[in-house]
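Here's the structure, in C-alpha cells; my notes come after.
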Amino acid sequence: MAAVLEVRDVTKSFGGIRAVDGVSFSVQEGEILGLIGPNGSGKSTLVNCICGTLQNETGSVRFADEALDGLTAHQRTRRGLARSFQLPRPFASLSLAENVRIPLLYTVNARDSSALASAAIDARCLEVLGQVGLAGKAERLPRDLTQIEMRKLELARAMAAEPKLLISDEAMAGLSHAEVDEIIALLIRLNEQGVTVIMIEHIMRAVMEFSQRIAVLVAGRKIADGDPKDVVRDPEVVRAYLGE
Ligand SMILES: Nc1ncnc2c1ncn2[C@@H]1O[C@H](COP(=O)(O)OP(=O)(O)O)[C@@H](O)[C@H]1O
Ligand SMILES: [Mg+2]
C-alpha cells in the first residue's frame, strides 16, 4: 500500500500558543483513520493545515506523491483532497442541487473542462445527493433541512469533488444513535468506493466501529497512533483523553 497522505512535523501557532506542535502521520490508500483528542487539542487546525485553509509554520504535507506546500485550498481540492467542516457551511440562498453543483464545477469539471456536459452535471448532482439520501430535496434550500440532513449535505458537497481523500470533521456531533449509524454507513460506503477517509469524532462508539487505525492528539501533539484496541488501552491516552 502507498501512502496517499504524508504529514511531516507540522506546527501551527496562534498568538504564541502551539495549536499543532510537530505532528507527523501518514495515511495509506484506502485506509480509514480515526483522529481523536479533547476539545482544543488541534484536530481542526491540523485539518486546516492539510487542506490549505491555514498555512503551517513548519513541516510539510504530501498528497498523492506531490508536495502541497504553497498550494491554496482550492488547488488542493482539485487534486482530490476534500473535507467537511465541523460547522456546515452551505450556500444559504442556493438549492441543495446548486450547493453540490458549485464544488463539482470547481473540481471535477476544472480537471477536464470537456468532462461533463450540462445535462450530465445535473445528473451527477442528483447522483451525489442520492448517495446521501437527499435526492428528493434537490430543489429545497438548506434552511429546510434537519440537523442530520445538513450534515449529509455537508458530506455531499465534499463528495461532489470526487475526492481521493475525505476528511470528516465531527460530522456526528449532536446526532442520535441511529443518525450516527447512518453517517457511519455513508462513510463506509464511500470507503468501499475507494475513498480514503480520515474521521475526526468524539463519539467513541463511532470511532471504534469505523476506524482501522486511530491517532490521538493532546495539546497539539500526537501521543498515540496504532491499532484501535491498543490505542484505547494506552495508559497515556486513558489519562489524557478517555479518562476525562
Ligand atoms: N483561528 C484561530 N485563532 C486563534 N486560536 C485558534 C484558532 N483556531 C483554533 N485556535 C486555538 O487552537 C487550539 C486548537 O483548536 P482546534 O484545532 O479547533 O481544536 P479541536 O478541533 O481539536 O477542538 C485551541 O486552543 C483553539 O482555541
Ligand atoms: Mg475541531
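Just so you know, all these numbers are worked out from the coordinates, no wet-lab data involved. This one's a predicted model, so the numbers in the text were calculated from it and none came from an experiment. Counting neighbours? That spans all protein chains shown, and the Cβs are built from the backbone with ideal geometry, glycine included.
Quick notes
- Sparse-neighbour loop sites [GluC sites (Glu not before Pro); the stretch 59-152; at most 11 other C-beta within 10 Å; DSSP]: GLU139
- Modelled FRET efficiency - R0 35 Å, GLN86 with GLU127, Cβ distances, 0.05 increments: 0.85
- Taking the number of Cβ atoms within 10 Å of each Cβ as an exposure proxy, the fewest-first ranking of LEU87, LEU153 is LEU87, LEU153.
- Here is the tail figure for the stretch 85-162: Cα pairs spaced more than 21 Å apart come to 19 percent of all pairs.
- Within straight-line cross-link reach of LYS12, lysines at Cα separation under 26 Å, skipping those fewer than 8 residues along the same chain: LYS43, LYS164, LYS222
- Amide H contacts of GLN28: VAL4, each under 5 Å away and 5 or more positions distant or on a separate chain (H built 1.01 Å from N in the peptide plane; Pro and chain starts excluded).
- Residues of the stretch 191-213 with amide N under 19 Å of the 7 Å Cα→Cβ point at ALA178: 206
- Coupling constants for the stretch 132-140 follow from the phi torsions by the Karplus curve (6.51 cos²θ - 1.76 cosθ + 1.60, θ = phi - 60°), and in residue order they are 9, x, 10, 4, x, 10, 4, 9, 7 Hz; glycine and proline get x.
- Annotation: amide H-H contacts under 5 Å for ILE167 (H modelled 1.01 Å from N, sequence separation of 5 or more, or interchain): ALA82, ARG83, SER84, ILE198.
- Counting neighbouring beta carbons within 10 Å and listing from fewest to most, the residues THR77, THR58, THR11 come out as THR58, THR11, THR77.
- Normalising by residue count, the stretch 120-244 has a Cα convex hull of 123 Å³ per residue.
- Cα-based reach from LYS137 at 13 Å (exclusive), listing aspartates and glutamates while leaving out same-chain residues under 8 positions away: GLU98, GLU127, GLU149
- Computed over all pairs of different Cα atoms, the Kirkwood value for the hydrodynamic radius of the chain is 18.4 Å.
- Separation of alpha-carbon centers, the stretch 1-50 and the stretch 166-244, rounded to whole Å: 14 Å
- Highest mobility in the GNM of the chain, judged by mean-square fluctuation with C-alpha springs under 10 Å and restricted to ASN48, ASN39, ASN191, is found for ASN39.
- Residue-wise HN-Hα coupling along the stretch 189-197, computed from phi with Karplus coefficients 6.51, -1.76, 1.60 (Hz; x: Gly, Pro): 4, 4, 4, 5, 7, x, 8, 6, 10
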